[in-house]
Amino acid sequence: MERLSAFVLRRKGLVALLAALGFLVGMGATPITIQRLSEEYSHPGMPAFDANREIVRIYGNGGYQRPFVPVVVLPEGTRVTEQKEALGRAFAAVSAVLPGSRVVSYADTGDPRLAGADGRTTFGLVFPGTYSDGSP
């Protein structure tokens with residue numbers, strides 16, 4: 001470490017010039033680099049991409065945005081199938097609070113995959129904002 005320090009201290013001008021050159025190269029590369037940045041991780045053939053497409057295929061919406069997932073656990077002795085109308089009102093209220101959102105729930109679809117094995121737990125998928133198919 002001492003040898004590196006001595007080398008750098010003997011050649012302050014060269015080190016400063018290299019640092020300035022590195023800075024200028026970095027500034028020049030910034031526009032190219034920024035164009036390549038993306039928050040999109042959906043690539044055809046990847047599990048997440050396939051899952052998103054399946055959600056859109058089954059439910060007709062969502063899939064390309066991260067949903068909120070409200071979970072409802074009904075009281076003991078109450079079944080999701082018996083409370084479908086009340087659950088529909090509850091999820092509609094969630095949708096009303098988030099204008100432009102789309103909700104997928106057991107109450108809307110009757111899909112048993114949205115109900116727990118215990119028969120009294122259910123969840124919904126609340127997709128905020130407007131629909132996007134994930135295209136750039």
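The values are calculated or read from the model by the stated rules, or taken from the named source; none is laboratory data. Quantities reported herein were computed from a predicted structural model and do not represent experimental measurements. Heads up, the Cβs are rebuilt from the backbone with ideal geometry, glycines too, and the neighbour counts pull from every protein chain shown. Heads up: the accessible areas ignore ligands, DNA and RNA and are worked out on the full protein's heavy atoms, side chains in. Shrake-Rupley method; radii C 1.70, N 1.55, O 1.52, S 1.80 Å.
Taking segment 64-82, which residues are over 25 Å from the mean Cα position of the chain (by Cα) and not aliphatic (A, V, I, L, M)?
Answer for segment 64-82, where residues must be over 25 Å from the mean Cα position of the chain (by Cα) and not aliphatic (A, V, I, L, M): PRO75, GLU76, GLY77, THR78, ARG79, THR81, GLU82.
Just one of the numbered conditions (1) open to solvent by less than 30 Å² (accessible area, probe 1.4 Å); (2) of a type in the set (Gly, Ala, Ser); (3) assigned to a loop (DSSP other than H, G, I, E, B) is not true of ALA107; which one?
Result: ALA107 fails condition (3) only.
Give segment 110-121 a look and list any residue that's of a type outside the set (Gly, Ala, Ser), surrounded by 16 or more Cβ atoms within 10 Å (Cβ to Cβ) and not in a helix (DSSP H, G or I), or say none.
If the condition is that a residue be of a type outside the set (Gly, Ala, Ser), surrounded by 16 or more Cβ atoms within 10 Å (Cβ to Cβ) and not in a helix (DSSP H, G or I), then ARG120 is the only one that fits.
So in segment 69-121, with the set limited to residues that are out of contact with any Phe, Trp or Tyr (no Cβ under 7 Å at 6 or more places or on another chain) and of a type in the set (Ser, Thr, Tyr), which one is farthest from VAL56 (Cα to Cα)?
Applying the filter and picking the extreme gives THR78.
SER101 is checked against (1) open to solvent by less than 80 Å² (accessible area, probe 1.4 Å); (2) touching a residue at least 60 places away in the same chain (Cβ under 8 Å) and fails just one. What number does that condition carry?
For SER101, the exception is condition (2).
Give the residue, chosen from ARG3, ARG11, that is surrounded by 10 or more Cβ atoms within 10 Å (Cβ to Cβ), more than 44 Å from the chain's Cα centre (by Cα) and on the phi < 0 side of the Ramachandran plot.
ARG11
Please indicate, with yes or no, whether at least one residue in segment 79-90 is touching a strand residue (DSSP E or B) at 6+ places or on another chain (Cβ under 6 Å), aliphatic (A, V, I, L, M), in contact (Cβ under 8 Å) with a residue 12 or more places away in the chain and open to solvent by less than 50 Å² (accessible area, probe 1.4 Å).
Looking for residues that are touching a strand residue (DSSP E or B) at 6+ places or on another chain (Cβ under 6 Å), aliphatic (A, V, I, L, M), in contact (Cβ under 8 Å) with a residue 12 or more places away in the chain and open to solvent by less than 50 Å² (accessible area, probe 1.4 Å), one finds at least one in segment 79-90, hence yes.
Taking the conditions exactly as written (modelled with pLDDT under 80, hydroxyl-bearing (Ser, Thr, Tyr) and surrounded by 13 or more Cβ atoms within 10 Å (Cβ to Cβ)), does SER38 satisfy them or not? Break it down into steps so the answer makes sense when it comes.
Numbers: modelled with pLDDT under 80: yes; hydroxyl-bearing (Ser, Thr, Tyr): yes; surrounded by 13 or more Cβ atoms within 10 Å (Cβ to Cβ): no.
So SER38 does not fit the description; no.
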